[in-house]
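Shown next, in structure tokens, is the structure this report addresses.
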Amino acid sequence: MAIKTVGIVGCGLMGSGIAQVCAEAGYRVIVREVSDDLLKKGLGKIESFLAKGVERGKVTPERKAEIRDRLEGTTSLEKLSGADIVIEAVVENLDAKREVYQVLDRVCPPATIFASNTSSLSITEMAAVTKRADRFVGMHFFNPVPLMKLVEVVRSPLTSAEAFERAVEFARSLGKTPVRATDRTGFIVNRLLVPYLLDAIRALEEGVGSVVDIDEGMRLGCGHPMGPLTLLDFVGLDTTYYIADIMFDEFREKRFAPPPLLKRMVQAGLHGRKTGKGFYDYSQDPPKPVGGLV
Ligand code: CAA
């Protein structure tokens, strides 16, 4: 059965980006948020990304209108009952996700594929609360979703080969490059990225270099688009701390253990761009390194 309608649960940073790329690829999209306010905010993110695209000459006003017309917002999970695939991008909390899947499993037809955008929780554990563990996969997108080409497609030991390949093909139909991964915390990218980001914090703690020098080193020495400390501010220090903690819990390896500086910065509310301050202060343009961290 061809995928025509995509349901998205959550219209935050990731959910709104996923809804946008699905609508851009020609799918009818129904996106659900818990309140009208959050829905308005999420759809507003899509609107402003597309508006910037028009300003940059990357999107025509007609195409923008066409994409917006394919998007429908709702606050009801029941409205996703007609979706051929549902991608869940709610808060990284297992109980919250379980609750969503229990309702979806009841309202969606058996053929509907469920995909979680989790970056750190177990696909297998989420699949187990549904009666369709064979049609349950991970589809991990990267921020900013409309610009990043990768999707990690993840299978649990219960995912059928058919559902897995359908999800891979679906990711490809969005113009993304899928990579296949098994359900191990962090999948491929975070397994490699998180220890690297944590090491950058350790290097700062040990006085190996300043915030700017560590960032410039990796940006210019390795051709990374952002240095590790800028990337930490971009991803969110609270988010990275949360992911690292789960990975440490799974693997019990020192390289996944959040360093004390990361923990203190999270405790201090220095979460990066989202709070205006992390390793850099974003109240100034260009952002300036925050003093007194070490
Ligand atoms: N509409 C259409 N096109 C747009 C656009 C818009 N609103 N905004 C930007 N673009 C286009 C630009 O026109 C440009 O296209 P060209 O290359 O054809 O010129 C391209 O997108 C890049 O845009 P910018 O020049 O504005 O931005 P940039 O070059 O500074 O790149 C970035 C921005 C893509 C974010 C880059 O800095 C980057 O790749 N950073 C790293 C991001 C990253 O690593 N993300 C993953 C985080 S980890 C994660 O998400 C997973 C997890 O679990 C934690």
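The values are calculated or read from the model by the stated rules, or taken from the named source; none is laboratory data. Here the structure is a predicted model, which is why all the values come from computation and not from measurement. Every residue, glycine as well, gets a Cβ built from its backbone with ideal geometry; the counts of neighbours run over all protein chains shown. For accessibility, only protein heavy atoms count, side chains too; no ligands or nucleic acids. Shrake-Rupley method; radii C 1.70, N 1.55, O 1.52, S 1.80 Å.
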Restricting attention to region 76-95, which residues are exposed (fewer than 14 other Cβ atoms within 10 Å of the Cβ) and in contact with a strand residue (DSSP E or B) (Cβ under 9 Å, 6 or more places away or on another chain)?
76
Counting only residues that are touching a Phe, Trp or Tyr at 6+ places or on another chain (Cβ under 9 Å), of a type in the set (D, E, K, R) and either more than 20 Å from residue 113 (Cβ to Cβ) or free of Cβ contacts under 8 Å to residues at least 12 places away in the same chain (or both), region 153-190 contains a total of 1
Looking at residue 210, is it more than 13 Å from the ligand (Cβ to nearest atom), in the same structural domain as residue 24 (by TED's automatic domain parsing), touching a residue at least 60 places away in the same chain (Cβ under 8 Å) and not hydrophobic (A, V, I, L, M, F, W, C)?
no
Among the residues of region 56-93, write down those that are within 16 Å of the ligand (Cβ to nearest atom), of a type in the set (Lys, Arg) and not in a helix (DSSP H, G or I).
56, 58
Just one of 68, 28 is in contact with a strand residue (DSSP E or B) (Cβ under 9 Å, 6 or more places away or on another chain), open to solvent by 40 Å² or more (accessible area, probe 1.4 Å), assigned by TED's automatic domain parsing to the domain that holds residue 93 and among the basic types (Lys, Arg); which is it?
28
Is it the case that region 216-223 has a residue that's surrounded by fewer than 15 Cβ atoms within 10 Å (Cβ to Cβ), more than 15 Å from the ligand (Cβ to nearest atom) and more than 30 Å from residue 19 (Cα to Cα)?
yes
Could you tell me which of the residues 89, 133, 111, 115 is under 30 Å from residue 191 (Cα atoms) and over 21 Å from the mean Cα position of the chain (by Cα)?
133
So is residue 185 of a type outside the set (A, V, I, L, M), crowded, with 17+ Cβ neighbours inside 10 Å and assigned to a loop (DSSP other than H, G, I, E, B) or not?
yes
Scanning region 262-292 residue by residue, the ones that are out of contact with any Gly (no Cβ under 6 Å at 6 or more places or on another chain) and part of a strand (DSSP E or B) total 5
